[in-house]
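If you scroll down you'll find the structure; I have some questions about it.
Each value in this text was obtained by applying a stated rule to the coordinates, not by laboratory testing. Note that the structure is a prediction, hence the values are computed from the model and not measured. Don't worry about glycine lacking a Cβ; one is built from the backbone with ideal geometry, like all the others, and counts go over all protein chains shown.
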Amino acid sequence: MSAATIQSQLDSVYSQQQSNQFGTSRYALLFKPGSYNVNVNVGFYTQVLGLGQSPDATTITGGGVHADAQWNGGNATENFWRGVENLDIDPSSGSTEWAVSQASPMRRVHIQGNVVLDDNGGWSSGGFLGDAKVDGQVNSGSQQQWLSRNDELGSWTGSNWNMVFVGDTGAPAQSFPKPPDTTVGQTPTSVEKPSLYVDGSGNYNVFVPAPRSDSTGTDWSNGRTPPGTSLPLSAFYIATPSDTSTTLNAALAQGKNLIFTPGVYQLSSTLHITRADTVVLGLGLATLVADNGATAISTDDVGGVRIAGLVVDAGTANSPSLMQIGPAGASADHAADPNVLSDVYFRVGGATLGKATQTLQVNANNTIGDDLWLWRADHGNGVGWTSNTANNGLVVNGNDVTMYGLAVEHYQQYQVRWNGNGGRTYFYQSEMPYDPPNQASWMNGSSDGWASYEVAPGVTDHQAYGLGVYCYFNANPSEVADHAIEVPSTSGVALHDSMDVSLGGTGTIDHIVNGSGATVNSGSTVADLTSYP
């Protein structure tokens, strides 16, 4: 294809998607191996993918690949639901702008030159860079929090409230809270996202990376071939939005994996995964809507399930959960073959009115989450304290569950409830609900409000690194939360580098963890706690 033809298509997609925050259009822009002199501006529900077996096989020059926030006056705090993967980005300007917030990952990219993570000083709020190589400097700009995992960075400058680095080279040294950098030298267990690629014969395949232990840097740079398994496209059922829960479950029952092509899928009943090592891969932010009070996806107590690249929406009838990894009481050991959720996002309200008691329930042991955003909507459609009702975002009942890049926001009780042992969280971002109408409507027994992150009283082993909790009680600025984080006081439970913020001084959080940590309110808006206990 000519550069002019490609550019015309890119411009057409971007003109539709630049500000289309809650629309139904979905796009995957797939670049076969080669070099392209084009300008790729990435809007909502747009995924830009290179189809080589290495990021360096597909190079975007010229304008490069970038995201700005001009649709919102430079404010990138609503730049959600987009992604870039498996590309070599070499812009003629020497700099790549990636001004985004949640659910907008860059993965497995080689960026030549520098990177800036805001739009000329406009606010940006959280993001994810994983398995990436940046030759120059990353400038975090106004980013409030950020997670870099298994990256190779030329250098890094900037910090705001909490920058978290796990298994990176070129990252700043541990220095929280001044500057607020949280640095963990190695990634205990990492499993990269499955990726679509074209082989030398022109055949499409999906590469499923193997787990890595105690890793640093990418799994592909310097000409390396990552360990893993390639699955031919014939091993997949290629879904389109006309497919029903019945047709999708029939494909799963036949032993097929699933690729969801871009679009919005109405699920009248649960997609039930029974086979170990099943791959469910969404392209172009494919979106599953849980209708009739269904759970969108559930799995048996099997290992190696990979679920990636999906948005899951609550439907108008209340669902007990939107996704369930392992049945209640799951007990098998999956350490050698963990279940992994990569770039999976959940919404209750926003696109449409939705209700769900819990959003993601993890019952299976040894499950890994890698860039998850669980969101009870604070704006958009169907939003209100008694409208898009949802108690909890993430509930973890399994043991040895690990989360990298976890954002859970605006739920009406605990945002996260962690009941299993051996839990690990690397980066947590959470806003408490904006909209409790009065204190009486948001009480946990006799305690003012609900903590965001709760580790259950019986847990004896839990570690978390780089936690940020925010309040913005705009419906009732006199609202008070007693504490942001709630954990049992036992030697095996430890928190590293926690902070909370009263955004604009709108509301009060009395303590950071249990009864420890300073108050944030209109008089003092930011508080830090290096360690607990």
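Using +1 on the beta carbon of Lys and Arg, -1 on that of Asp and Glu, and nothing else charged, what's the dipole of region 148-257 about the Cα centre, debye to 20?
About 140 debye.
For Asn120, project a label point 7 Å along Cα to C-beta. Then give me every residue of region 87-105 with its amide nitrogen under 20 Å of that point.
Once the point is set 7 Å along Cα→Cβ of Asn120, 92-101 turn out to lie under 20 Å by backbone N, inside region 87-105.
With labels modelled as points extended 7 Å from the Cα through the Cβ direction, what inter-label distance (nm, one decimal) is found for Thr386 paired with Lys32?
A separation of 5.8 nm, rounded to one decimal place.
So, with +1 on the Cβ of K and R and -1 on the Cβ of D and E, and no other charges, what is the size of the charge dipole of the chain about its Cα centre, to the nearest 20 debye?
Charge dipole, the chain, about its Cα centre: 880 debye, nearest 20.
Starting from the Cα-Cα distance between Ser2 and Ala518, subtract it from 0.36 nm times their residue separation and give me the gain in nm to one decimal.
179.8 nm
I would also like to ask the following. What's the extension gain from Ser95 to His272 if we count 0.36 nm per residue and subtract their Cα-Cα distance?
Between Ser95 and His272, full extension yields an extra 59.3 nm.
Then there's this: Pop the C-beta distance of Ala332 and Gln463 into the FRET formula with R0 = 22 Å and round what comes out to the nearest 0.05. Mind showing how you got there, number by number?
Working: r = 23 Å, r/R0 = 1.05.
The computed FRET efficiency comes out at 0.45.
Give me the Kirkwood hydrodynamic radius of region 375-476, using the inverse of the mean 1/r over all pairs of distinct Cα atoms, in Å to one decimal.
Averaging 1/r across every pair of different Cα atoms and inverting gives 14.2 Å.
Spelling out what I want: for every residue of region 516-528, take phi, set θ = phi - 60°, compute 6.51 cos²θ - 1.76 cosθ + 1.60 (Karplus), and round to whole Hz; glycine and proline get x.
Each residue's phi maps through the Karplus curve to give 9, x, 6, 7, 10, 6, 5, x, 8, 8, 10, 9, 10 Hz.
Find which of Leu372, Asn438, Val526 sits farthest along the positive direction of the dipole of the chain, computed with +1 on the beta-carbon of Lys and Arg, -1 on that of Asp and Glu, about the Cα centre.
The listed residue farthest towards the positive side: Leu372.
Placing +1 on the Cβ of each Lys and Arg and -1 on the Cβ of each Asp and Glu in the chain, which of Gly382, Tyr237, Leu30 has its Cα farthest towards the positive end of the resulting dipole?
Towards the positive end, the residue furthest out is Tyr237.
Enumerate the calculated ³J(HN,Hα) couplings along region 422-434 in order (Karplus 6.51 cos²θ - 1.76 cosθ + 1.60, θ = phi - 60°), each rounded to whole Hz, writing x wherever the residue is Gly or Pro.
Going residue by residue, I get x, x, 9, 10, 10, 5, 9, 10, 8, 9, 5, x, 6 Hz, with x marking Gly and Pro.
Here are several values of percent of Cα pairs over 29 Å apart: (i) 57; (ii) 52; (iii) 47. Which one was derived from the coordinates shown?
(iii)
Assigning unit charges at the beta carbon (Lys, Arg +1; Asp, Glu -1) and nothing else, what dipole magnitude in debye, to the nearest 20, does region 193-265 show about its Cα centre?
40
On to the next question. Using packing as a proxy for protection, rank 442-452, 42-52 so that the peptide with the highest average count of other Cβ atoms within 10 Å comes first.
So the peptides 442-452, 42-52, ranked by packing, come out 42-52, 442-452.
Amide H to amide H, which residues 5 or more places from Phe346 or on other chains are under 5 Å from it, using H placed in the peptide plane?
Val312, Trp373, Leu374, Trp375
Just to be sure I understand: of the beta bridges DSSP finds with both ends in region 409-525, what percent are antiparallel, rounded to 5?
Around 15 percent of the beta bridges assigned by DSSP in region 409-525 are antiparallel ones.
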